[in-house]
1. At 1.4 Å probe size, with no ligands or nucleic acids counted, give the accessible surface of SER144 in Å², nearest ten.
2. Starting from the Cα-Cα distance between LYS212 and GLU249, subtract it from 0.36 nm times their residue separation and give me the gain in nm to one decimal.
3. Below 17 Å, Cα to Cα, which aspartates and glutamates can LYS240 reach? Residues fewer than 8 away in the same chain don't count.
4. What Kirkwood hydrodynamic radius, in Å, does the chain give when the mean of 1/r is taken over all pairs of distinct Cα atoms and then inverted?
5. Fully extended, how many nm does the chain gain between ASP149 and THR132 (0.36 nm per residue separation, minus their Cα-Cα distance)?
6. Shape of the stretch 196-254 from its Cα gyration tensor (a ≥ b ≥ c, root eigenvalues): rounded if a/c is under 1.5, otherwise prolate when a/b > b/c, or oblate?
7. Need one word for the stretch 13-119: rounded, prolate or oblate. Basis is the Cα gyration tensor (sqrt eigenvalues a ≥ b ≥ c); a/c below 1.5 gives rounded, then a/b vs b/c decides.
8. So what are the three principal axis dimensions of the stretch 175-228 from its Cα atoms, in whole Å, longest to shortest?
Amino acid sequence: MKLFYRETGEGKPLVILHGLFGSSDNWMTVTKELALKYNVYVLDARNHGQSPHENVHTYQAMAADLKQFLDDHNIEKPVLIGHSMGGKTIMRFAAEYKGVAEKLIVVDISPRFYGRHHQDILAGLNAINLETLQTRNEADAILSNFVGDIGVRMFLLKSLYRSSEGKFQWRINLPVIEEQIDNIGEPLPEEAHIDTPTLFIRGSESGYIEDKDKAVIEKHFTQYTLETVQGASHFVHAEKPKEVIQLIENFIEN
């Protein structure tokens, strides 16, 4: 699959992958700063943003999409950065395509299994009737019955847009994501062994990477560092961009 992407800057190639329900837009604040030093590519995953929709949504497929993107653009030895679903994607990529990436930066996700925890979001998105929807404020009001955090709602509603006919539509492939949501939580395969230097960044208030997860990280990664950003939840890069940029640059340069 040929993914939609944004490219900016010059220098060492960095490729950034967003999380579930997101898009390349979510990383633009960080990207603008990184582009002062590096050649940054920010991708829309399959079934997200402006990339094509497909009836398969697995990490194996998303890793293959990433490999095709690197091959199509002749990108060698990139630093791969992935948040949440994107983090799981680059882990799977490094396990399957050994030696392709120079370094990995995984933001607020570990290699372990995660159970279903997006039911409220999926219920809220499905409660929005696109055929009768008149305004974004109306969509937010409906979604607020399911998702209390306004920041999360604004993040989700970034995927809502008007078509050329003036009708609201989702950029995410909601039916396929809902049908295959269990794939998003699946762990890295038992046999996965990754020698690529890897930085894990977690938010102190998140809970996605717990201290006990160090054991499963060590099982799969021979060279890893874990850094904690204080006062940040799961959306570490959005809440603490300066701190995340500093960690990324230090890891790349050292």
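1. Using a 1.4 Å probe on the heavy atoms, I get roughly 50 Å².
2. Additional length available on full extension: 10.6 nm.
3. Of all the aspartates and glutamates, those that pass the test against LYS240 - Cα under 17 Å, at least 8 places apart if same chain - are ASP25, GLU33, ASP108, GLU205, GLU227, GLU249.
4. About 18.6 Å for the chain.
5. 3.7 nm
6. oblate
7. Because its axes are fairly even, with a/c under 1.5, the stretch 13-119 counts as rounded.
8. 37, 30, 18
The values are calculated or read from the model by the stated rules, or taken from the named source; none is laboratory data. In this text, all values refer to a predicted model and were calculated from it rather than measured experimentally. All Cβ positions, glycine included, derive from the backbone under ideal geometry; neighbour counts span all protein chains shown. Note: accessible area is taken over every heavy atom of the protein model, side chains too, but ligands, DNA and RNA are not part of it. Shrake-Rupley method; radii C 1.70, N 1.55, O 1.52, S 1.80 Å.
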